[in-house]
C-alpha cells in the first residue's frame with residue numbers, strides 16, 4: 001500500500017545498481033524521484049585476468065581471504081561457476097581464514113558454502129585490517145577481494161605485516177557513458193528542485209562533485225548541500241567522501257538501503273515540512289507542493305521559498321528587501337519581481353490566496 005507522507009518532495013538518486021528498488025521505496029511514500037547515476041558498475045566476469053587469478057588461487061589456496069562486499073563475492077563465484085571452476089574455488093578456500101567486511105559480505109560467504117572466521121561489525125576496511133593483523137601474517141598469502149575503487153592503503157598495511165597480497169578485482173566503477181542525467185541532477189541540486197540526494201558509495205559522491213566541477217558549479221552545489229539540499233549517505237565511508245568535499249552528510253544507523261530511505265524520509269518530514277493555515281483551511285508546504293485538504297497545488301521554486309519565509313515569520317511582516325535577500329539572494333533585486341511572484345502565488349492558492357496579505361509600503365504576512 002502506498003504511503004503519501006513524502007508527497008511534494010523530490011529525491012535525487014546517484015546509484016546505478018539497485019536504483020529501481022530505491023526509487024520504488026521513495027515512490028511508495030509519495031515522493032518524486034530524479035535519476036542521475038554518477039557511477040557505472042562494470043562486472044569483470046568475462047575478464048581473462050579474473051579467470052587467471054581464480055585459477056591461480058585454486059592451484060595455490062591463500063591463507064586468508066578478505067570478503068569485501070556481498071555482491072562481489074556472489075559475482076566472483078558466479079563467474080567461476082560459468083567457467084566450470086565453482087566447486088574447485090569453494091574447495092580451495094575450505095581451510096582459508098575468511099574475514100568479512102560486514103554482514104552482507106558474511107551472508108554471501110555462507111551462501112557460497114564457506115565459513116566466516118571473523119566479521120568487521122563496523123563494515124570498514126580498517127577494522128578488517130585490524131582483525132587480520134591480530135595474528136602474525138609473515139609469509140601468509142592473502143586474497144583481497146577488491147571493491148570498485150578501494151584505496152590502496154589497506155593492501156599496503158597488510159603487506160607491511162609481511163603478507164603477500166593477491167588482489168581480486170571483481171568489478172569496476174566508471175563514469176556513466178551518458179553524462180546528461182548526472183548533469184541534470186547537478187542542475188536540479190543547484191536550483192533546489194530536489195530536496196535530498198542519496199549516495200550508496202564513495203565514488204558516487206566523488207563523481208557527482210566532478211560533474212559539478214566540469215560544469216563550473218562546484219561552489220553552487222556545495223552551497224546547496226550546506227543550506228537546502230540533504231546529502232544522504234548509506235554509511236560512514238560514503239559520508240567521509242562527502243566530508244572531503246565540504247558536504248555535510250546524513251547517515252542512517254545501519255548501512256542498508258531501507259534505513260537510508262527511512263532516514264531521509266524522517267529528516268524531510270521533520271525539517272522540510274511546514275504547516276500553515278490558509279483562511280480556515282489547514283495546509284502543508286512540502287518542497288514545491290502545497291497540500292490544502294485533498295487539493296495538491298504545485299508552486300515554483302521562488303513561490304515555495306516566499307511562502308516558506310512567510311510561514312517562518314509566524315504572522316510577522318516580511319519586507320520585500322528581506323524576501324529579495326532570502327529568496328533571490330540579492331537585496332538590489334527589482335521589487336516588482338517580488339510583487340509578481342506573490343501575485344502568482346496567490347493565484348495558484350485560490351480560493352485561499354487572500355491569506356497572503358500585502359502590507360502597503362512594508363511587505364507581506366500570512367493572515
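Each reported figure results from applying straightforward, stated rules to the coordinates on display, with no laboratory input. All values derive from a computational prediction rather than experimental measurement. Here Cβ is always computed from backbone atoms with ideal geometry, including for glycine, and neighbour counts include all displayed protein chains.
Miscellaneous remarks
- Mean Cα-pair separation over length for region 225-281, i.e. relative contact order, pairs under 8 Å, 6 or more apart, %: 28
- Cα gyration tensor shape for region 218-295, rounded if a/c is under 1.5, else prolate or oblate: oblate
- One Cα centroid belongs to region 162-178, the other to region 240-303; the line between them spans 36 Å.
- For the chain, the mean residue ellipticity at 222 nm estimated from helices alone is -12500 deg cm²/dmol, where every DSSP H run of n ≥ 4 contributes -39500 (n - 2.57) and the total is divided by all residues, rounded to the nearest 500.
- Largest mean-square fluctuation among 82, 298, 122, in a Gaussian network model of the chain whose springs join Cα atoms under 10 Å apart, belongs to 82.
- Euclidean distance of C-alpha centroids, region 316-367 and region 210-228, integer Å: 28
- Shape category assigned to region 44-173 from the gyration tensor of Cα positions, a/c cut at 1.5: rounded
- This ranking places 214, 320 by how few other beta-carbon atoms lie within 10 Å of each, fewest first, which gives 214, 320.
- Förster radius 35 Å - calculated FRET efficiency between residue 175 and residue 91, Cβ distance, rounded to 0.05: 0.35
- For region 236-356: rounded, prolate or oblate by the Cα gyration tensor [a/c cutoff 1.5]: oblate
- Here r is the Cβ-Cβ distance between residue 344 and residue 236 and R0 is 45 Å; the resulting FRET efficiency, rounded to 0.05, is 0.55.
- The label point for residue 214 and the one for residue 330, both projected 7 Å from the Cα toward the Cβ, are 2.9 nm apart.
- Simple spin-label estimate for residue 156 and residue 273 in nanometres, 7 Å along Cα-Cβ: 4.8
- Structure-derived Cα Rg over 2.2 N^0.38 Å: which label, when the choices are (1) 0.89; (2) 1.25; (3) 1.03: (2)
- Within the chain, percent of DSSP bridges classed antiparallel, to nearest 5: 45
- Of 247, 318, 194, the residue with the greatest mean-square motion in the GNM of the chain, using alpha carbon springs below 10 Å, is 318.
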